[in-house]
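Just so you know, all these numbers are worked out from the coordinates, no wet-lab data involved. What you are looking at is a predicted structure, and each value in this text was computed from that prediction instead of being measured. Heads up, the Cβs are rebuilt from the backbone with ideal geometry, glycines too, and the neighbour counts pull from every protein chain shown.
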Amino acid sequence: MFGLAGTRAATRLGDVSLELRLAAPADLDAGTLYRILQLRVDVFVVEQQCPYRELDGRDLDPDARWVWAADGAAVLATLRILREGHATARIGRVATAQAARAGGIATALMRHALAAVDSEAEPGDGIEVVLDAQSPLVGWYQRFGFHPDGAEFVEDGISHLPMRRPGQLARQP
């Protein structure tokens, strides 16, 4: 699953030497796992004041992939990809450290994640991607080809909108 698993891509954004990584849960070392979970708790539980079970039992799914942007050992942004059947992937737990926002890091991370999903498509086929966007970020997700796909709903006091990105056709060999 997700042909770019275990890969790293390096880039430079301003003063940040950014490394984009993607790994299966079993391939994460304890320090990286801790820093990713710490960022998710900092953003979702502390900053957004959502006291919910951040660890939902899906992080260790065999088909789950963790994607993160790092500057050295520091995790600046992260997201999770889950497989929902053969032709659908779900992106969630998208979080960026406050100090790393507005610098293009989350954009680079999302592009890396979508490339990983697209790399799994069979020739002439595509994998659609779904997510539940926090409503103020709908425009940001639209830049990646997502479109609204349902009614707005409130979860943990935050408005969300279901969104869908059609599968990108894989190239014929």
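Give, rounded to the nearest 20 debye, the magnitude of the charge dipole that the chain has about its Cα centre when Lys and Arg contribute +1 at Cβ and Asp and Glu contribute -1 at Cβ.
Working: 18 positive and 23 negative charges, 84 e Å.
Dipole about the Cα centre, nearest 20: 400 debye.
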Whole-Hz Karplus ³J(HN,Hα) for the stretch 112-127, in order, using 6.51 cos²θ - 1.76 cosθ + 1.60 and θ = phi - 60°, x for Gly and Pro?
4, 5, 5, 5, 5, 5, 4, 5, 8, 5, 6, x, x, 10, x, 10
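Compute the semi-axes of the equivalent ellipsoid of the chain, taking the square root of 5 times each eigenvalue of the Cα gyration tensor, and list them largest first in whole Å. Spell out each step's value before the answer.
On the way: eigenvalues 103, 85, 53 Å².
In descending order the semi-axes read 23, 21, 16 Å.
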Simple spin-label model, 7 Å along Cα-to-Cβ: Asp125 to Leu137 in nm?
2.9 nm
Taking N as its residue count, the alpha carbon Rg of the stretch 17-91 over 2.2 N^0.38 Å:
1.12
Could you list which residues have their amide H under 5 Å from that of Val94, counting only those 5 or more apart in sequence or on another chain, with H placed in the peptide plane?
Arg80
Quick one: 3J(HN,Hα) in Hz for the stretch 90-98, Karplus 6.51/-1.76/1.60 with θ = phi - 60°, rounded, Gly and Pro as x.
10, 9, x, 6, 6, 9, 10, 4, 3
Selected from Val46, Val117, Val138 as most flexible by GNM, with the chain as the system and alpha-carbon contacts under 10 Å
Val46
Spelling out what I want: for every residue of the stretch 154-166, take phi, set θ = phi - 60°, compute 6.51 cos²θ - 1.76 cosθ + 1.60 (Karplus), and round to whole Hz; glycine and proline get x.
10, 10, 6, x, 10, 6, 10, 10, x, 9, 9, 10, x
